[in-house]
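To start, the structure under review is shown below, and the notes come after it.
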Amino acid sequence: MDASRRDRDDDGRARNARPRDGLGRPLPYGAPGVERQPEGIVRSPEETLAEAQRLLDAGKPFHAHEVFEDAWKSGPEEERELWRGLAQLAVGLTHAARGNRTGGARLLLRGADRIVGFGDPHGVDVSGLAAWARELAGRLDGPVDPVAEAPRLAL
């Protein structure tokens, strides 16, 4: 890829084609990276949760965030804030794993606040996730291990 030109998809939309590491950080062109999540996949809530959990367990919270983002964009209006909050939790863990204490804590707390009004839709452990996010946000003082800190999404 010619780095002087913007990366574009087949429809001409800007897309960064640089490879990424497991935490979503861009790597130099030509470097081996972690395969990106395809965008725009419509999954059932159960498929979304299973795929996001798989990625979280593998230490790839950035990629789990992308799965939640698809659900947020394609799901029913009344659940969009739930999926958006779950995406914020995953990206908060991403920032925490990268060592961005302030950004990680902010996103973890924002995600927790966003999901708390939902009960436990689709078996999501809303209260457990909110407690996990608040606890992690309160003790960030350096990079965390994303595998060790991966939350359980379901009850």
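The values are calculated or read from the model by the stated rules, or taken from the named source; none is laboratory data. Just so it is clear, the structure is predicted and the values come from calculations on it, not from any experiment. Cβ coordinates were reconstructed from backbone atoms using ideal geometry, including for glycine residues, and neighbour counts include every protein chain displayed. We work out accessible area using only protein heavy atoms, side chains counted, and drop any ligands, DNA or RNA first. Shrake-Rupley method; radii C 1.70, N 1.55, O 1.52, S 1.80 Å.
Probe 1.4 Å, all protein chains in place: accessible area of T102 in Å², nearest 10?
Roughly 90 Å² of T102 is accessible to a 1.4 Å probe.
So, R0 is 41 Å and r is the distance between the beta-carbons of E81 and D57; what FRET efficiency does that work out to, to 0.05?
Details: r = 25 Å, r/R0 = 0.61.
That pair, E81 with D57, gives E of 0.95.
Short version: ³J(HN,Hα) in whole Hz for each residue of the range 146-152, in order, from phi by Karplus 6.51 cos²θ - 1.76 cosθ + 1.60 (θ = phi - 60°), x for Gly and Pro, what are they?
So the J values, rounded to whole Hz, are x, 6, 5, 9, 4, x, 8.
Give me the percent of the accessible area of the chain that comes from carbon and sulfur atoms, probe 1.4 Å, all protein chains in place.
Working: 3970 of 8100 Å².
Ligands and nucleic acids excluded, carbon and sulfur reach 49 percent.
Only residues of the range 113-155 count here: report those whose backbone N is under 15 Å from the spot 7 Å along Cα→Cβ of T102, or say none.
Of the residues in the range 113-155, 141-142 have backbone N under 15 Å from the label point off T102.
Show that you can apply the helix-only estimate: for the chain, add -39,500 (n - 2.57) for every DSSP H stretch of four or more residues, divide by all residues, and state [θ] at 222 nm to the nearest 500.
On the way: 5 runs with 75 residues, N = 155.
Rounded to the nearest 500, it is -16000 deg cm²/dmol.
If you place +1 on the Cβ of every Lys and Arg and -1 on the Cβ of every Asp and Glu, how big does the dipole about the Cα centre of the range 29-70 come out, in debye to the nearest 20?
The calculation lands at about 160 debye.
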